[in-house]
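Take a look at the structure set out below.
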Amino acid sequence: MDPQDRGPLLRIVRRQPIAFAVVGVVNTIIGYLMFVLWSLILDNDQLYQVAVVGAYSVTVTVAFVLHRTLVFRVHGHLARDFGAFVAVNSGGLALNLLLGTFLVSILDWPPLPTQALVMAVVAAMSFFGHRHLSFRRTAERRS
């Protein structure tokens, strides 16, 4: 990557996976706080999935903007990138719902710590999806 193309975060940390993790941690904190907010609003452990979807719906756009500008630093193809980003994140959402529902509903784990654990697993797995799908650029399509 040309140093001129580096976003502000990549100029500091220099390694894309670390920059992804930093943005992921920030977005995970935002997502977790949104989950807690939705959980408090709904005030019902049986609506765990609604709280997950509510948090996701708010944070997906925040995550897209942060990753696009600070980590992958790509230009053009905004709609395609956002569609691919939502697809990758939707896979993470599905995994979150399946794993979280299993742990909360079947194993009777408490929702708040369970969600923290599940979000960490999903965030770690999503780097490769975003790197190879959401913000992928071929040699002839770098802009």
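The values are calculated or read from the model by the stated rules, or taken from the named source; none is laboratory data. Note that the structure is a prediction, hence the values are computed from the model and not measured. These accessible areas exclude ligands, DNA and RNA; they are computed on the full protein's heavy atoms, side chains included. Shrake-Rupley method; radii C 1.70, N 1.55, O 1.52, S 1.80 Å.
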Under a Gaussian network model of the chain whose springs join Cα atoms within less than 10 Å, the largest fluctuation of R11, R68, R131 belongs to R11
To test your reading of the geometry: what angle, between 0 and 90 degrees and rounded to tens, separates the Cα axis of helix 48-66 from the longest principal axis of the chain? 10 degrees
If you compute semi-axes √(5λ) of the Cα gyration tensor in Å for the structure shown, which of (i) 28, 16, 14; (ii) 28, 21, 15; (iii) 31, 14, 13 do you land on? (iii)
Taking a probe of 1.4 Å, how large is the accessible area per residue of segment 51-143, in Å²? 51 Å²
Per 0.36 nm of contour for each residue apart, how much would the distance between R137 and L117 grow if the chain were fully extended, relative to their Cα-Cα spacing? 4.0 nm
Pick out which of V71, V88, V13 has the largest mean-square fluctuation in a Gaussian network model of the chain, springs linking Cα atoms closer than 10 Å. V13
In segment 18-133, carbon and sulfur make up what percent of the accessible area (probe 1.4 Å)? 76 percent
